[in-house]
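The values are calculated or read from the model by the stated rules, or taken from the named source; none is laboratory data. None of these values were measured; they are calculated from a predicted model. Counting neighbours? That spans all protein chains shown, and the Cβs are built from the backbone with ideal geometry, glycine included. These area figures cover heavy atoms from the full protein model, side chains too; ligands, DNA and RNA do not enter into them. Shrake-Rupley method; radii C 1.70, N 1.55, O 1.52, S 1.80 Å.
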Amino acid sequence: MREKILNKSAELFLSLGFKSVTMDDIANELGISKKTIYQHFTNKTKLIEATTLNIFDNICEGIDCICNASHNPIEELYDIKMFVMNYLKNEKTSPQFQLKKYYPQIHNQLQIKQFEKMHESVKESIQKGVDTNLFRKNIDVDFISRMYFNGMSGIKDETIFPSQIFTMEYLMESYLEYHLRAICSEKGLQILNKFINTNQS
């Protein structure tokens with residue numbers, strides 16, 4: 001039952017926002033009483049905390065699978081972007097923005113976990129790109145991986161990139177290309193351009 005509650009909560013929070021969804025909404029959607037939810041989660045904040053960590057763990061698992069199977073770091077980043085976009089496909093109300101505004105402690109905790117996870121995997125991926133001559137030899141791998149994380153977090157800031165103007169898909173696509181063009185070698189740029197042209201046609 002705990003698993004069912006977490007899955008349904010994730011679905012509702014991502015499509016309607018953390019602030020908008022009530023415990024009643026979740027209970028109604030699952031056809032259970034609110035009391036049943038409270039047996040597993042003492043309050044809404046605890047439920048949000050558990051749900052966000054559950055979403056995070058699921059995304060990490062998917063990213064690990066992509067990294068293990070990938071052919072090169074350029075494709076890897078695009079595959080990860082597609083996976084995350086599909087996983088968060090109902091992200092209409094900028095849940096990240098609501099989380100930061102109404103549940104700052106949970107948001108900060110999640111940011112730290114995201115950074116720890118992403119920093120390591122992005123560093124490995126960038127190093128792989130340098131070793132295979134797809135990325136420039138003289139880049140500072142640690143600095144670039146931190147910049148990448150910072151940019152990925154930055155494009156989710158509703159005040160700078162309002163969702164009325166930019167879709168999340170557009171932002172992720174544009175930022176990824178911006179990031180890769182900055183670090184690709186000539187060989188890497190050929191693969192990147194080919195990849196972009198194939199995907200756009």
Checklist outcome for this item: Of those in region 154-201 that are of a type in the set (Gly, Ala, Ser) and open to solvent by 40 Å² or more (accessible area, probe 1.4 Å), the residue farthest from the chain's Cα centre (by Cα) is SER201
Checklist entry - Within region 10-52, which residues are within 30 Å of ILE80 (Cα to Cα) and either β-branched (Val, Ile, Thr) or modelled with pLDDT of 95 or more (or both)? => result VAL21, ILE26, THR45, LYS46, LEU47, ILE48, GLU49, ALA50, THR51, THR52
Item to check | Residue list for region 110-159, filter: aliphatic (A, V, I, L, M) and either within 23 Å of LEU53 (Cβ to Cβ) or touching a helix residue (DSSP H, G or I) at 6+ places or on another chain (Cβ under 6 Å) (or both) | outcome: LEU110, ILE112, MET118, VAL122, ILE126, LEU134, ILE139, VAL141, ILE144, MET152, ILE155
Checklist entry - How many residues does region 100-115 hold that are open to solvent by less than 70 Å² (accessible area, probe 1.4 Å) and within 14 Å of the chain's Cα centre (by Cα)? => result 5
Checklist entry - Taking into account only those residues within region 53-73 that are part of a loop (DSSP other than H, G, I, E, B) and under 21 Å from the mean Cα position of the chain (by Cα), which is modelled with the lowest pLDDT? => result SER70
Checklist entry - List the pairs whose first member sits in region 110-132 and is in contact (Cβ under 8 Å) with a residue 40 or more places away in the chain, whose second member is polar (S, T, N, Q) and assigned to a helix (DSSP H, G or I), and whose Cβ atoms are under 6 Å apart, counting only residues at least 6 apart or on separate chains? => result LEU110/THR52; ILE126/SER145
Item to check | Residue under evaluation SER94, criteria (1) within 21 Å of TYR170 (Cβ to Cβ); (2) among the small types (Gly, Ala, Ser); (3) modelled with pLDDT of 90 or more, criterion not met | outcome: (3)
Item to check | Hits in region 122-153 - residues which are open to solvent by 70 Å² or more (accessible area, probe 1.4 Å), among the charged types (D, E, K, R) and part of a helix (DSSP H, G or I) | outcome: GLU124, LYS128, ASP131, ARG146
Checklist outcome for this item: Over region 19-71, the set of residues within 30 Å of LYS123 (Cα to Cα), polar (S, T, N, Q) and open to solvent by 20 Å² or more (accessible area, probe 1.4 Å) is ASN54, ASN58, ASN68, SER70
